[in-house]
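S.K.: Encoded as structure tokens, here's the structure I'll be asking about.
The values are calculated or read from the model by the stated rules, or taken from the named source; none is laboratory data. The structure displayed is predicted, hence computed values, not measured ones. Counting neighbours? That spans all protein chains shown, and the Cβs are built from the backbone with ideal geometry, glycine included.
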Amino acid sequence: MAKPAVLVTGGLGYIGSHACVALAEAGYRPVIVDNLGNAKASVLERIRELTQSDISFHRADVRERQALGALLARERVQAVLHFAGWKAVGESVEKPVMYYENNVGGTIALLAAMAEHGVRRLVFSSSATVYGEPERLPLTEDHPLRPVNPYAKNKLVIEHILADCAVADAGFHYAALRYFNPIGAHPSARLGEDPRGVPNNLLPYVAQVAVGRRPSLRVWGRDYATPDGTGVRDYIHVMDLAQGHVAALAYLERRARSITANLGTGRGYSVLEVVSAFERASGKSIPLEFHPRRAGDVAQSYADASFAARELGWRARLGLEAMCRDAWRWQSGNPEGYPD
Ligand code: NAD
Ligand code: UFG
């Protein structure tokens, strides 16, 4: 029997590329669409190498509704994992229209193409950032939603659109997955995170310090009400996150209902704990500079991960040690990231 085809938008990106490998391992046939806006074409070769298969790739923009529709029909797509979008919080504050246009506009074009071609299962990359400043911890899915920047608002608007689509069409089912902080890499070191320019996020920055590309880590704030004064986050291994998508797809097939769930480990680590774990994993020392708090940061954010465990039958298995080990293996094996 033919393997079910799953369209992966943004499939050459950090999380999408790992999800393609997980999908192929689970018996699906990933079909990738990416406009290369934040990815390199060489990622495709790595995905093909790891999956030992000639994964189909289409360089296209999800906002091109007609092209997307034709692709859904031609590839006989049965479900979609939707990763495509811009993700830099600071940039979203400076260029809100660009963010709404790509993130919300892209999702609308995708949903229209799906409706036209009878594709009625979608897994969406939402984010824990939809919660805003935590009122209570751990964050449960029913926590108030008060996003504080355009990127976060994009995610919430899209969640609302998906809910409306599910009301309008009883046969349409989606999973909105609220990721906490994805880090790490494929254990083979063939896939990993390759940010352009100066990394915004903690782990890629630490990894670039360890490999000698940057002199020291700037720690944003040491006066938070946390055990060591630095910010606490729920880091999740990208391989676990990828598996979470396979579990969500299986849920949509099995249960035929929509779901919104946190994907995290349920455990928070401070910046200094992450740095220590990375030093142990890499054998390198990470020089630190302490700076004032970064605007928009919260003191702590971590998930109540029990809903996903109960409903999806999924839980994160890999701890901080594995996350740092695999991030280091990736960074040391690919010091300049993917080739052009
Ligand atoms: P990424 O930038 O590595 O991947 C996104 C991919 O989408 C890129 O390959 C980019 O080229 C592609 N893309 C962007 N706009 C497109 C368009 N209009 N048409 C086709 N392709 C397009 O980002 P990532 O870290 O892999 O994140 C994937 C998704 O998960 C995003 O939606 C992001 O907002 C969400 N998310 C990420 C994090 C995180 O910390 N990485 C946390 C929560 C949610
Ligand atoms: N940090 C530093 N120095 C750095 C980078 C980060 O000290 O160079 C600190 C931050 O202040 C924070 C922690 O490390 O305390 C984590 O910061 P990240 O930028 O890695 O992650 P955030 O939690 O700020 O945000 C990330 C994504 C968002 C997403 C959010 C929740 O960048 O897009 O997780 O999913 F919305």
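S.K.: From the set of residues in segment 190-201 that are within 8 Å of ligand 2 (Cβ to nearest atom) and within 19 Å of residue 284 (Cβ to Cβ), which is farthest from the chain's Cα centre (by Cα)?
M.R.: In the first step, residues of segment 190-201 are kept if they are within 8 Å of ligand 2 (Cβ to nearest atom); the result is 199-201.
Cutting the leftovers down to within 19 Å of residue 284 (Cβ to Cβ) gives us 199, 201.
Working: 199: 16, 201: 13 Å.
Taking the candidates together, the pick is 199.
S.K.: Oh, and also: When you go through 227, 215, 187, 204 one by one, which is the residue that is within 13 Å of ligand 2 (Cβ to nearest atom) and either touching a strand residue (DSSP E or B) at 6+ places or on another chain (Cβ under 6 Å) or not in a helix (DSSP H, G or I) (or both)?
M.R.: Only one candidate qualifies: 215.
S.K.: Before we move on, is residue 43 under 19 Å from the mean Cα position of the chain (by Cα), farther than 19 Å from residue 177 by Cβ and modelled with pLDDT of 95 or more? Break it down into steps so the answer makes sense when it comes.
M.R.: On the way: under 19 Å from the mean Cα position of the chain (by Cα): yes; farther than 19 Å from residue 177 by Cβ: yes; modelled with pLDDT of 95 or more: yes.
The answer is yes for residue 43.
S.K.: I'd like to know if segment 177-184 contains one or more residues that are touching a residue at least 60 places away in the same chain (Cβ under 8 Å), in a loop (DSSP other than H, G, I, E, B) and more than 9 Å from ligand 2 (Cβ to nearest atom).
M.R.: Yes, because at least one residue in segment 177-184 is touching a residue at least 60 places away in the same chain (Cβ under 8 Å), in a loop (DSSP other than H, G, I, E, B) and more than 9 Å from ligand 2 (Cβ to nearest atom).
S.K.: While we're here: Restricting to segment 268-291, name every residue that is polar (S, T, N, Q) and either closer than 15 Å to residue 228 by Cβ or surrounded by 15 or more Cβ atoms within 10 Å (Cβ to Cβ) (or both). Quick ask: steps written out before the conclusion?
M.R.: Applying the first criterion (polar (S, T, N, Q)) to segment 268-291 yields 270, 276, 282, 285.
Scanning segment 268-291 gives 270, 276, 282.
S.K.: When you go through (1) assigned to a loop (DSSP other than H, G, I, E, B); (2) touching a residue at least 40 places away in the same chain (Cβ under 8 Å) one by one for residue 243, which number turns out not to apply?
M.R.: The number of the failed condition is (1).
S.K.: If I ask for residues that are within 15 Å of ligand 1 (Cβ to nearest atom) and assigned to a helix (DSSP H, G or I), which ones from segment 71-87 would you list?
M.R.: Residues satisfying the conditions are 71, 72.
S.K.: Also, I was wondering about something else. Just need a number here: residues in segment 248-267 that are more than 16 Å from ligand 1 (Cβ to nearest atom) and surrounded by fewer than 23 Cβ atoms within 10 Å (Cβ to Cβ).
M.R.: 11
S.K.: Kindly establish whether residue 303 is in contact with a helix residue (DSSP H, G or I) (Cβ under 6 Å, 6 or more places away or on another chain), within 16 Å of ligand 1 (Cβ to nearest atom) and touching a residue at least 60 places away in the same chain (Cβ under 8 Å).
M.R.: Working: in contact with a helix residue (DSSP H, G or I) (Cβ under 6 Å, 6 or more places away or on another chain): no; within 16 Å of ligand 1 (Cβ to nearest atom): yes; touching a residue at least 60 places away in the same chain (Cβ under 8 Å): yes.
Criteria not met by residue 303.
S.K.: Do the conditions hold for residue 190, that is, is it over 28 Å from residue 118 (Cα atoms), touching a Lys or Arg at 6+ places or on another chain (Cβ under 7 Å) and at pLDDT 95 or above?
M.R.: Values: over 28 Å from residue 118 (Cα atoms): yes; touching a Lys or Arg at 6+ places or on another chain (Cβ under 7 Å): yes; at pLDDT 95 or above: yes.
Spelling it out, residue 190 is indeed over 28 Å from residue 118 (Cα atoms), touching a Lys or Arg at 6+ places or on another chain (Cβ under 7 Å) and at pLDDT 95 or above.
S.K.: Let me ask something else. Going by the conditions given, is residue 21 of a type outside the set (Lys, Arg) and within 20 Å of residue 109 (Cβ to Cβ)? Talk me through it step by step, then tell me what you get.
M.R.: Values: of a type outside the set (Lys, Arg): yes; within 20 Å of residue 109 (Cβ to Cβ): no.
No; evaluated as a whole, the condition is false for this residue.
S.K.: Which count do you get for residues in segment 88-130 that are among the hydrophobic types (A, V, I, L, M, F, W, C), over 25 Å from residue 302 (Cβ atoms), under 19 Å from the mean Cα position of the chain (by Cα) and in a helix (DSSP H, G or I)? Walk me through how you get there before you give the answer.
M.R.: Going through segment 88-130, the residues among the hydrophobic types (A, V, I, L, M, F, W, C) turn out to be 88-89, 93, 97-98, 104, 108-115, 119, 122-124, 128, 130.
Still in the list and also over 25 Å from residue 302 (Cβ atoms): 97-98, 104, 108-115, 119, 122.
After this cut, where a residue has to be under 19 Å from the mean Cα position of the chain (by Cα) as well, the list is 104, 110, 122.
Pick out the ones that are also in a helix (DSSP H, G or I) and you get 104, 110.
Selection size over segment 88-130: 2.
S.K.: Scan segment 220-236 residue by residue and report those that are touching an Asp or Glu at 6+ places or on another chain (Cβ under 7 Å) and either farther than 16 Å from residue 273 by Cα or among the hydrophobic types (A, V, I, L, M, F, W, C) (or both).
M.R.: Scanning segment 220-236 gives a single hit, 220.
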